[in-house]
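J.: Let me begin by handing over the structure; questions about it come next.
The values are calculated or read from the model by the stated rules, or taken from the named source; none is laboratory data. Please read all numbers here as calculations on a predicted model, not as lab measurements. Here the Cβ is made from the backbone with ideal geometry for all residues, glycine too, and neighbour counts use every protein chain on show. What goes into the accessible areas is simple: the full protein's heavy atoms, side chains included, and nothing from ligands, DNA or RNA. Shrake-Rupley method; radii C 1.70, N 1.55, O 1.52, S 1.80 Å.
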Amino acid sequence: MNYAVLIVDDEPGIAEGLKFLIERYLPECRVVGMAYDGKQGYETAMELQPDLVLSDIRMPGMDGIEMIEHLKKFGYCGRFIILSGYAEFEYAKSAIRLGVEEYITKPVDEEELVSVFSRACCSIKEEREKERKAVQMADDLETYSQNMKGYILKDILLN
C-alpha cells in the first residue's frame, strides 16, 4: 500500500532533507509535493489530496495551524503530522484540537520520524480496510436484496 505525502516547510533545505529521509526509510511513502508556506501548502493539499501532510507550524503568512484549520474547513480528509522547532504547549494544544496525528520537534530524529510515519500509515491502512469492508458489506446486501426480489417475483408468478 502506498501513501502520498506533502511536505510544507518554509525552509527549503529542511523540506529537502525530510523528503530524502522519507523516501529513504519509508518505501511505502512517496512525496508527491512540497510547499514553502501555509498558503501554498493549503493549495497544494487541496489539489493533490495527499494521505499525509507533514507541516512546520511557524511559517510566514499562514502558519501550519491556520493551514490545517482551512483544509479541514474545506473538506480535506488527510492526516497531519506537525513539525516544529517550538516545543510550546499552546501549539501542541492547537494541533491536538485539530486532530493532528503526531507532533514532533526539530531537529528531527530519523528514528522518531520513521516511527511517527509508520504509525500514521498503519492508522490509514486500518481506516482503508474498514472502508473496504463497509463497501463490500453494502455490495453484498445489494446482491442479497436483488436475489430476494427475484425469488419473491418468481414465487408470485408460479403461484
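J.: Which residues, counting only those in the range 33-62, are farther than 11 Å from residue 9 by Cα, within 13 Å of the chain's Cα centre (by Cα) and crowded, with 20+ Cβ neighbours inside 10 Å?
T.: 45, 50, 51, 52
J.: Failed condition for residue 79, given (1) surrounded by fewer than 17 Cβ atoms within 10 Å (Cβ to Cβ); (2) of a type outside the set (A, V, I, L, M, F, W, C); (3) touching a residue at least 40 places away in the same chain (Cβ under 8 Å); (4) under 26 Å from residue 127 (Cβ atoms), with all others met?
T.: Against the list (1) surrounded by fewer than 17 Cβ atoms within 10 Å (Cβ to Cβ); (2) of a type outside the set (A, V, I, L, M, F, W, C); (3) touching a residue at least 40 places away in the same chain (Cβ under 8 Å); (4) under 26 Å from residue 127 (Cβ atoms), residue 79 comes up short only on (1).
J.: Could you grab me the full set of residues in the range 104-159 that are at pLDDT below 90, within 30 Å of residue 16 (Cα to Cα) and small (Gly, Ala, Ser)?
T.: Those that are at pLDDT below 90, within 30 Å of residue 16 (Cα to Cα) and small (Gly, Ala, Ser): none in the range 104-159.
J.: Something else about it: Consider residue 74 carefully, then state whether it is aromatic (Phe, Trp, Tyr) and loosely packed, with under 12 Cβ neighbours inside 10 Å.
T.: yes
J.: When only residues in the range 19-32 that are open to solvent by less than 50 Å² (accessible area, probe 1.4 Å) and of a type outside the set (Val, Ile, Thr) count, which is nearest to the chain's Cα centre (by Cα)?
T.: The residue in question is 29.
J.: Could you please find all residues in the range 102-132 being surrounded by fewer than 12 Cβ atoms within 10 Å (Cβ to Cβ) and not in a helix (DSSP H, G or I)?
T.: To start, the set of residues in the range 102-132 that are surrounded by fewer than 12 Cβ atoms within 10 Å (Cβ to Cβ) comprises 107, 110-111, 122, 126, 129-132.
107 - this is the single residue of the range 102-132 that is surrounded by fewer than 12 Cβ atoms within 10 Å (Cβ to Cβ) and not in a helix (DSSP H, G or I).
J.: Among the residues of the range 1-18, which ones are buried (at least 16 other Cβ atoms within 10 Å of the Cβ) and over 15 Å from the mean Cα position of the chain (by Cα)?
T.: 9, 10, 14, 15, 18
J.: Which residue is modelled with the lowest pLDDT, if the candidates are limited to the range 82-99 and must be crowded, with 20+ Cβ neighbours inside 10 Å and hydrophobic (A, V, I, L, M, F, W, C)?
T.: Per the stated criteria, the residue is 95.
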